[in-house]
Amino acid sequence: MATLTIRNLPESVRRSLKERAAAHNRSMEAEVRSILEEVVTPRADFVGEWLTATEPLRGTFIVPERTAARPVDLS
């Protein structure tokens, strides 16, 4: 296993991380591992998940009728 050192972490981030770890009943180290695994691990069906998640945002789209193109005079 690799070891990762994070320097210059703002105190507010450390405090939030500690609170989040406590809420999940884990150590800060375990919480960071969980966050990194969740964010970095590729998901098999990202596009399908995204389409499902955004379905309520999509409405019915009405495509306007098109007219014939106008002739262009290039003289």
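The values are calculated or read from the model by the stated rules, or taken from the named source; none is laboratory data. Just so we're clear, the structure is a prediction, and the values are computed from it rather than from any experiment. FYI the Cβ positions are ideal-geometry reconstructions off the backbone, even for glycines, and counts take in every protein chain you see.
The residue list THR54, THR60 contains one member that is polar (S, T, N, Q), modelled with pLDDT under 95 and assigned to a helix (DSSP H, G or I), which is THR54. Selection within region 22-34: residues that are out of contact with any helix residue (DSSP H, G or I) (no Cβ under 8 Å at 6 or more places or on another chain) and among the aliphatic types (A, V, I, L, M). The member of this set that is farthest from THR5 (Cα to Cα) is ALA23. For the residues LEU57, LEU51, LEU74, LEU4, the requirement of being over 25 Å from the mean Cα position of the chain (by Cα) and free of Cβ contacts under 8 Å to residues at least 60 places away in the same chain singles out LEU74. Which residue is nearest to the chain's Cα centre (by Cα), if the candidates are limited to region 7-48 and must be hydroxyl-bearing (Ser, Thr, Tyr) and exposed (fewer than 10 other Cβ atoms within 10 Å of the Cβ)? That would be THR41.
Residue by residue, here is whether (1) out of contact with any Phe, Trp or Tyr (no Cβ under 8 Å at 6 or more places or on another chain); (2) in a helix (DSSP H, G or I); (3) more than 23 Å from ALA2 (Cα to Cα) holds:
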position: GLU37; (1), (2), (3): yes, yes, no
position: PRO42; (1), (2), (3): yes, no, no
position: GLY48; (1), (2), (3): yes, yes, yes
position: SER75; (1), (2), (3): yes, no, yes
